[in-house]
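Everything on this sheet refers to the single structure shown next.
The values are calculated or read from the model by the stated rules, or taken from the named source; none is laboratory data. These figures come from a predicted structure and were not determined experimentally. Quick reminder, even Gly has a Cβ in these numbers, built from the backbone with ideal geometry, and neighbours come from all protein chains shown.
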Amino acid sequence: MTILPQLRDALVRARPRRRRRPLFAGLLAAGGLAVTGAALAATGVIPFGDPVEPTRVERDPQRGVGVPTDQSGRLLALRVPDPGGGPPWGLRIVDTTRGLQCLQAGRVVGEQLGLLGQDGIAGDDGRFHPMPPATRSGWVTPCQLPDANGRFFIAVDKLSYASGDADPRERACREPTDRDPDKPRCPRADRRRIAFGLLGPEASKVTFADGSTQVPTDGDGAYLYVSAEGTERTESGSGDRPVSGLPGSAVKRIDYRDGTHCTAATQRTPSCTPKGYVEPERVHSSKSLRRKLTVKTSRDGQVTWIKVRFRAPVAITDAGHEYRLLGRVPDSADKRCRAVVMYVPSNRNLQRGDTVKLEGIVPNDCNGRLQVSVVFAATTERNDGGKLVGRLTRSIAP
Amino acid sequence: MDRSDEELLAACGRDRAAFGVFYERHERAVLGFFGAVTRRPELAADLTAETFAAALEGAASFDASRGMARMWLFGIARNVLSGSARRGRVETAARRRIGLETLVLAPSQVELIESLVAEEGDAIVEAWLAELPEHEAGALRARVLDERGYAEIARDLRVSEAVVRKRVSRGLGRLRRRLSQETP
């Protein structure tokens, strides 16, 4: 007997990514210049290689984070030296077709952001590879929605390497969190703790873990920290809500122009909300969004699949709004089933009148009267937010 | 005839049901292992989901010449456990990459996992064995899990009894060192 049939079924339905040789490694395998950025700097010459693009990028402008709105992005003036020498680090802001702003950190040569051919990048060819402003796909991305005033706030803190910031899966060597046994380990000496983000126009100074300080850029309030210290912690984080700093972050304090300051979060104390941040508006529509829901349920092992279709009452044109399929069993004997047991957001743009299909799963042990609802909500709203599109009930038999 | 684990892993690129069979074959051992280590059914289920998601991702690169699929799977399980212990939370990277939803456990499933813990104690040893060289793991498995005598093992492996004793001793030494370093 299978104990977790829902897990087995989900695994069978999943589409594993095809394992392929990292694109970076295949670009310039014949370079033969396996030297570090520091050594390159010593020669005074940085040979250029072909541009590199991560393999896992969003291609659909209407889905997920979307794609860049232009092909250059905005390279900020901020430059931070690498502890090992070589070209400085820089930061680029990329606006996307779904209204998000994404950050990219890398090494800068001239006015180009890119990666050095080391630490498993581009066959360790020692060249500089410009990086186009692609947006990475996936759940954890250094991208953020604007606040109510159209400003962006984000905080990222992660383990990276001297090559510049890349997805661990793109490297031909193994980062501590990568379990691919076919890869050699990435050089420990090239590990870097990097922290970067946008604090808004009110921030005047950032203090980092090593006691150093930085004046954020005007307007965006961008900061960037690169250190060879603190790399024993592999955990990385991206502020999926606007925060001034993450627990354990390299950012320790933020000073604001009005004389106030914020001490970054610890494991016990939450982070301050960045000064100037205004919560995006919730959905407040006076007109009814009610639509008829068509629901199909099917039993599959110990779970019940819920498939809901409806006509979109309003269009979705960016990542700031979504339809959500929620399920709860309010009269279940198990109190866990009375809360939300099914939560499925739409993740793409829609025209008004488009047929929306959302599919969720409910364990059969949550038997009783399943209450299914579809709401239209701002993405930043909590689970219980949003405006009702439709609701109905179905019996889940034991 | 039932397909071997290795055949199932090799097939799951084109036949996704094959991974379902592989999952069913090893679910209890992996769940039991995590249940015994964590004593929390929900946590055990979470770790199990991440382990199988990582296994599904890596199935195409599984190399049968390097060892048995079960050992390989428990190697992944051990890495998921130690990685999660280091981070202070269950890893989710593999599940995110293949788009697996968060697992919702029914009360009956929680009870089943609890009951497994008592039954699958050997799975813990198997998981740690996955870290050892194959010759040491084989000797330890025969001696500790199968409770066979040194002379019998020596006959099967076609080595002297002294060699078997040495392999068991070295294997136990490695296990002790690892357990003292990494048990959460």
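So is A:P87 at pLDDT 90 or above and surrounded by fewer than 19 Cβ atoms within 10 Å (Cβ to Cβ) or not?
No, not satisfied.
Go through the range A:344-377 and give me each residue that's within 14 Å of chain B (Cβ to nearest Cβ) and farther than 30 Å from A:T69 by Cβ.
Correct list: A:E359, A:G360, A:I361, A:V362, A:P363, A:N364, A:D365, A:C366, A:N367, A:G368, A:L370.
When the range A:360-384 is examined, which residues are found to be acidic (D, E) and under 26 Å from A:Q144 (Cα atoms)?
A:E381, A:D384
Based on this model, can you work out whether A:T207 counts as away from chain B (no Cβ under 14 Å), among the β-branched types (V, I, T) and in a loop (DSSP other than H, G, I, E, B)?
no
For the range A:347-359, state whether one or more residues are among the polar types (S, T, N, Q) and within 12 Å of A:V308 (Cα to Cα).
Yes, the range A:347-359 has at least one match.
Any idea which of (1) modelled with pLDDT of 90 or more; (2) crowded, with 16+ Cβ neighbours inside 10 Å is the one A:T213 doesn't satisfy?
(2)
Looking only at the range B:69-86, count how many residues are surrounded by 23 or more Cβ atoms within 10 Å (Cβ to Cβ), facing chain A (nearest Cβ under 10 Å) and within 8 Å of the chain's Cα centre (by Cα).
1
Anything in the range B:10-23 that is within 12 Å of another protein chain (Cβ to nearest Cβ) and not basic (K, R)? List them, or say none.
B:C12, B:G13, B:D15, B:A17, B:A18, B:F19, B:G20, B:V21, B:F22, B:Y23
Can you name the residue in the range A:113-127 that is at pLDDT below 90 and not acidic (D, E) and is also nearest to the chain's Cα centre (by Cα) among such residues?
Of everything passing the filter in the range A:113-127, A:A122 is nearest to the chain's Cα centre (by Cα).
Which one of these does A:H321 not meet: (1) surrounded by fewer than 18 Cβ atoms within 10 Å (Cβ to Cβ); (2) modelled with pLDDT of 80 or more; (3) touching a strand residue (DSSP E or B) at 6+ places or on another chain (Cβ under 7 Å)?
(1)
Please verify whether the range A:121-131 includes one or more residues that are within 14 Å of another protein chain (Cβ to nearest Cβ) and assigned to a strand (DSSP E or B).
Looking for residues that are within 14 Å of another protein chain (Cβ to nearest Cβ) and assigned to a strand (DSSP E or B), one finds none in the range A:121-131, hence no.
Search the range B:10-27 for residues being touching a residue at least 40 places away in the same chain (Cβ under 8 Å) and under 12 Å from A:R8 (Cβ atoms), and hand back the single one that is surrounded by the fewest Cβ atoms within 10 Å (Cβ to Cβ).
By that ranking, first place goes to B:H26.
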